[in-house]
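Laboratory data are not the source of any read-out in this text; all were calculated from the coordinates shown. The model shown is predicted, which means the values in this text are computed figures rather than measured ones. Every residue, glycine among them, receives a Cβ derived from its backbone with ideal geometry; neighbour counts consider all protein chains shown.
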Amino acid sequence: MLRKILAAAMMSVLALAMAAPVAMAEETVCRGAIGARTVDNLRVPQGATCTLNGTQVKGTIKVERSATLSANAVRVNGNVQSEGFRNVTLRGNSTVGGSVQLKNGQRGGSASVTYTRINGDLQFDSNAAKINASRNTIGANLQAVKNTGGLTFVGNRIAQNFQCKENNPAPTGSANTAGDKEGQCARL
């Protein structure tokens, strides 16, 4: 009986030892430039500047406090996120599989999202930075709440809701289409 228990225990240990290792997504830290190559997740560390040109990101881009991201013709499977950015630029027929979430952008900074396809939401929340979103295709919502640096929205195609509230000054722009326009964006 003891032999059977030991044999079963040994088989369990052997099975665990032979199991395939769990793949962990790697994080690439960007200080400088990355061209046309593929990375898992990408992080722009605090205070750094990162330039992406034709880069594919399998996961998410995170832009840390006081950091700058300039992305041209990028493909991001996940989200682009920042809290406290200095500057964020997405352009040149870029594609984001998830959402773009930019929060607490710094006074004197800017965020510009142009000619980009975003399958999820485009969100601007509590930014003192100047915001521009033009000629984007957005698969869900465009939301702007409590921004103080100025907002311009021109020629965006929004599948669901275009919502703006508590922005001072109020957003400006024209020629945006949406399933529904609400609040300060109702006439844009």
Matching residues in region 96-108 - criterion: being part of a strand (DSSP E or B) and free of Cβ contacts under 8 Å to residues at least 24 places away in the same chain: Val100
Identify, from the list Ala133, Ala111, Ala71, the residue that is within 22 Å of Gly35 (Cβ to Cβ), aliphatic (A, V, I, L, M), assigned to a strand (DSSP E or B) and touching a strand residue (DSSP E or B) at 6+ places or on another chain (Cβ under 6 Å). Ala71
Condition set over 24 Å from Gly47 (Cα atoms), surrounded by 18 or more Cβ atoms within 10 Å (Cβ to Cβ) and not β-branched (Val, Ile, Thr), scope region 95-119, selection farthest from the chain's Cα centre (by Cα): answer is Gly97
Which one of these does Val76 not meet: (1) under 21 Å from Asn147 (Cα atoms); (2) crowded, with 19+ Cβ neighbours inside 10 Å? (1)
Scan region 172-181 and give yes if some residue there is within 19 Å of the chain's Cα centre (by Cα) and hydrophobic (A, V, I, L, M, F, W, C), otherwise no. no
Residues Phe124, Phe85: which one is part of a strand (DSSP E or B), without any contact (Cβ under 8 Å) to a residue 60 or more places away in the chain and among the aromatic types (Phe, Trp, Tyr)? Phe124
Within region 136-171, can you find the residues that are out of contact with any Cys (no Cβ under 6 Å at 6 or more places or on another chain), small (Gly, Ala, Ser) and part of a strand (DSSP E or B)? Ala159
Are there any pairs, at least 6 apart or on different chains, whose C-beta atoms fall under 8 Å, with the first in region 158-183 and under 18 Å from Ile118 (Cβ atoms) and the second among the basic types (Lys, Arg) and not in a strand (DSSP E or B), and if so, which? Lys181/Arg187
